[in-house]
Amino acid sequence: MKILVLNGPNLNMLGIREPGIYGKNTFSDLLALLEETAKEENVELEQYQSNHEGCLVDKIQWAYGKMDGIVINPAGYTHTSVAILDALKAVSIPAVEVHISDVDAREPFRQISYAGLACVKTIKGHGLAGYAEAIRFLKENYYK
Ligand code: CA2
């Protein structure tokens, strides 16, 4: 099974600021966790991070016909991007939305997710472990 893991703007800054909200782990720690989970679950992972909305849209389109699942943390674009929502709908690949923080317990604007409307599941507030949960969920439910 092939899974694309997508991370949106500023997630490459994890661990550098705001450890109270996002924890002390860095983006490199996240990449290590993804590799470890991929090995355990015997899945192939492609990971991509971008600070640019169009680049994230391009990568979702790239996944069409190549990937069997998507794990996506659109970060700030979660709450604004109809373009990412449309791309996820266009490729129709089972996608799981992940948020490191519990967005429901934060500002009201973070409780709106456009991308989530095209996702089969949302995991929020589980820290980096949410990404591993998302990979396992896709493997358990969409492995052919
Ligand atoms: O909780 C999440 O995973 C978020 O998607 C993270 C986004 C935020 O805009 C969403 O509402 C929830 C922020 C990405 C990372 O932001 C940083 C800010 C300061 C320092 C390091 C990362």
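The values are calculated or read from the model by the stated rules, or taken from the named source; none is laboratory data. Everything numeric in this text was worked out from a predicted model, so none of it was measured. Using ideal geometry, Cβ is built from the backbone for each residue, glycine included, and neighbour counts are taken over all protein chains shown. The protein model used for the area step is the full one, side chains on, heavy atoms only, and it has no ligands, DNA or RNA in it. Shrake-Rupley method; radii C 1.70, N 1.55, O 1.52, S 1.80 Å.
Just the residues that are more than 7 Å from the ligand (Cβ to nearest atom) and either on the phi < 0 side of the Ramachandran plot or in a strand (DSSP E or B) (or both), please, taken from region 21-32. Within region 21-32, Ile21, Lys24, Asn25, Thr26, Phe27, Ser28, Asp29, Leu30, Leu31, Ala32 meet the criteria. Among the candidates Val82, Val71, Val57, the residue that is under 14 Å from the mean Cα position of the chain (by Cα), farther than 20 Å from Met1 by Cβ and of a type outside the set (Ser, Thr, Tyr) is uniquely Val57. Within region 104-124, the set of residues being near the ligand (Cβ under 8 Å from one of its atoms) and under 14 Å from the mean Cα position of the chain (by Cα) comprises Lys124 only. In region 112-130, the residues that are under 17 Å from Gly20 (Cα atoms) reach residues that are among the acidic types (Asp, Glu) with C-beta atoms within less than 6 angstrom, at least six apart or across chains, in these pairs: Lys124/Asp102; Gly125/Asp102.
The single condition from (1) within 16 Å of the ligand (Cβ to nearest atom); (2) buried (at least 20 other Cβ atoms within 10 Å of the Cβ); (3) not hydrophobic (A, V, I, L, M, F, W, C) that Gly69 fails is (1).
Of the residues Glu35, Glu18, the single one that is more than 9 Å from the ligand (Cβ to nearest atom), among the acidic types (Asp, Glu) and over 18 Å from Thr122 (Cα atoms) is Glu35. Residue count for region 21-30 satisfying the condition of being surrounded by 15 or more Cβ atoms within 10 Å (Cβ to Cβ) and closer than 18 Å to Gly125 by Cβ: 4.
Among the residues of region 1-15, the ones that are within 15 Å of the ligand (Cβ to nearest atom), open to solvent by 60 Å² or more (accessible area, probe 1.4 Å) and not in a helix (DSSP H, G or I) come to 1 in all.
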